[in-house]
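J.: Take this structure first; my questions come after.
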Amino acid sequence: MRKQRQREIKLSGRCGPVFTVWLGQCPVVVLCRYAALRDALVLQADAFSGRGAMAVFKRFTRGNSIAFSKGPRWPTLRNFALGALKEFGLGTQTIEERVLEEAACLLGDFQATGGAPFDPQRLLDNAVSNVICSVVLGNHYGYEDMEFLRFLDLFNDNFRIMSSRCTFSPPSWTGSQAYTTEYSETSLRVFISQQIQLHQQTR
């Protein structure tokens, strides 16, 4: 990322504060000066509030993503999401209690290392994901639960691919990348569908 930023700064000296680079088949407009940034993001905030289309998100969400929606669809999805989150207890003591409960579990795992060096990434992923699962699904998963760990791995694989340039140019995906995203999407949909069915059966 640092080298890329340095290249873009050099390009701005040659092309000016606003120029276009191509990520595969996707054009990306780069703003390299404070005045250009302020003009776009402050003075014309509504016109520049959208995000670029990402093939992986578009395929997985079928155009209904909250993070990547824009135009008239954005306020509709935003209001729906806020309403749903309030139903789940957003802004109430219930959420705080679940976060504190998970923080206690996380602290216990930290202390179990006995002060030895360790990579906290996995434990932090588990904790954050567990808070989301407890709010949305009503389930708390143990940190050694194989199903839980499997879906964390699926999410991580997808995010790793989405952080690469090939995200903007699906035809450039390798066979393994295409298979991984397709497998992850299908598996996540199946998991969510199963959870919905379980909740419907126990209502």
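J.: Points 7 angstrom from Cα along the Cβ direction at GLU185 and GLU97: gap in nanometres?
T.: 3.9 nm
J.: As an exercise, find the ratio Rg/Rh for region 1-49 from alpha-carbon atoms, using the Kirkwood inverse-distance average for Rh.
T.: A ratio of 1.00.
J.: Provide the FRET efficiency to the nearest 0.05 for the ASN79-LEU11 pair, computing r from the beta carbons and using R0 = 41 Å. Intermediate values should be presented prior to the final figure.
T.: Details: r = 40 Å, r/R0 = 0.98.
Calculated transfer efficiency: 0.55.
J.: Moving on to the next point. At R0 = 25 Å, how high is the FRET efficiency between GLN201 and ARG122 if r is their beta carbon distance? Nearest 0.05 is fine. Intermediate results must be reported in sequence, preceding the final value.
T.: Details: r = 32 Å, r/R0 = 1.30.
Here the calculated transfer efficiency is 0.15.
Values in this text are rule-based calculations from the coordinates and carry no lab data. Everything numeric here is computed off the predicted structure, so don't read it as measured data. Note: ideal-geometry Cβ built from the backbone for every residue, glycine included; neighbour counts use all protein chains shown.
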